[in-house]
1. Springs between alpha-carbon pairs under 10 angstrom, Gaussian network model over the chain: which of PHE116, PHE187, PHE198 fluctuates most?
2. Once label points are set 7 Å from the Cα along Cα→Cβ at both ASN20 and VAL38, what is their separation, rounded to one decimal in nm?
3. Please return the longest stretch of the chain lacking exposed loop sites, where GluC sites (Glu not before Pro) count only if DSSP places them in a loop and at most 12 other Cβ atoms lie within 10 Å.
4. Give, in nm to one decimal, the length gained when the segment between SER188 and ASP52 is fully stretched (0.36 nm per residue of separation minus the Cα-Cα distance).
5. Taking a spot 7 Å from the Cα of VAL63 along the direction of its beta carbon, which residues of segment 97-119 have an amide N less than 11 Å from it?
6. Stretched out fully, how many nm does the piece from LEU4 to PHE116 gain, at 0.36 nm a residue minus the Cα gap?
7. Accessible area per residue, 1.4 Å probe, Å², for the chain: what's the number?
8. What shape does segment 114-214 take by its C-alpha gyration tensor, where a ≥ b ≥ c are the square roots of the eigenvalues and a/c under 1.5 counts as rounded, a/b above b/c as prolate, and the rest as oblate?
Amino acid sequence: MSPLPQSLFWERKDTVGAENALVDSSSGLYARGVALAVDPIPYTCRYELRTDAEWVTGYLDVVAEGAGWARSVRLELAAGRWRATTKEQGDLNAVLSSAGHAGAGFPGIEDPDRLFGAFDVDLGGSPLTNTLPVRRLGLHQARGDEVGMAHRLNVAWVLLPSLEVVPADQIYTALPDGRVRYAGETFSADLTIDDDGFVIDYPGLAVRANGKPG
């Protein structure tokens, strides 16, 4: 496993948790990361993500685990078609139920064709994956008429801790002050990003605790 040139660390603001991503963005994105959170139940998530040079997702591998359960999903995009491969051990639903939460769906997605037209993945609670549409659409360098233009996207949203994958409509808009507005079906936030399109501050979700070391 080769070392990667950048390490980005975010502290969660909506719950107790954090994310650390090791990244190489010299030609598209390659990243390995770990995310931790205590809600809705304590879990650890490890992921590996690769895009092509145009920042279109190639694959996302995710493993999530907690006390008494573990799940994994691999999403791959090739020739415009998505494929999902999953594994499950233990009983996540029983753990959620004992903690007073509703049950979870199965990991992955029953019909990957529902993701047709999606070029990005969105890992729940992960500021790193917001960078994918920002870079793919060039929003971090938006100028002139590009500022204020809304881009409606279909993305593959990976829920944590269940690893259920659902299609989600999202809107990304470059703002005049260099920020990017993210909007989902019931939520929006103005993201502060750095010159490379990585999130510095995601109001209500996470803030980056470090810069970009050399």
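The values are calculated or read from the model by the stated rules, or taken from the named source; none is laboratory data. For clarity, every value in this text was computed on a predicted model and none was experimentally measured. We place every Cβ from the backbone using ideal geometry, glycine too, and count neighbours over all the protein chains shown. Side chains included, ligands, DNA and RNA excluded: accessible areas come from the protein's heavy atoms. Shrake-Rupley method; radii C 1.70, N 1.55, O 1.52, S 1.80 Å.
1. In the Gaussian network model the winner is PHE187.
2. So the label points at ASN20 and VAL38 sit 1.9 nm apart.
3. 111-184
4. 46.2 nm
5. Taking a point 7 Å out along Cα→Cβ of VAL63, no residue of segment 97-119 has its backbone N under 11 Å.
6. Full-extension gain reported as 37.2 nm.
7. Accessible surface, normalised per residue, equals 48 Å².
8. The shape class here is oblate.
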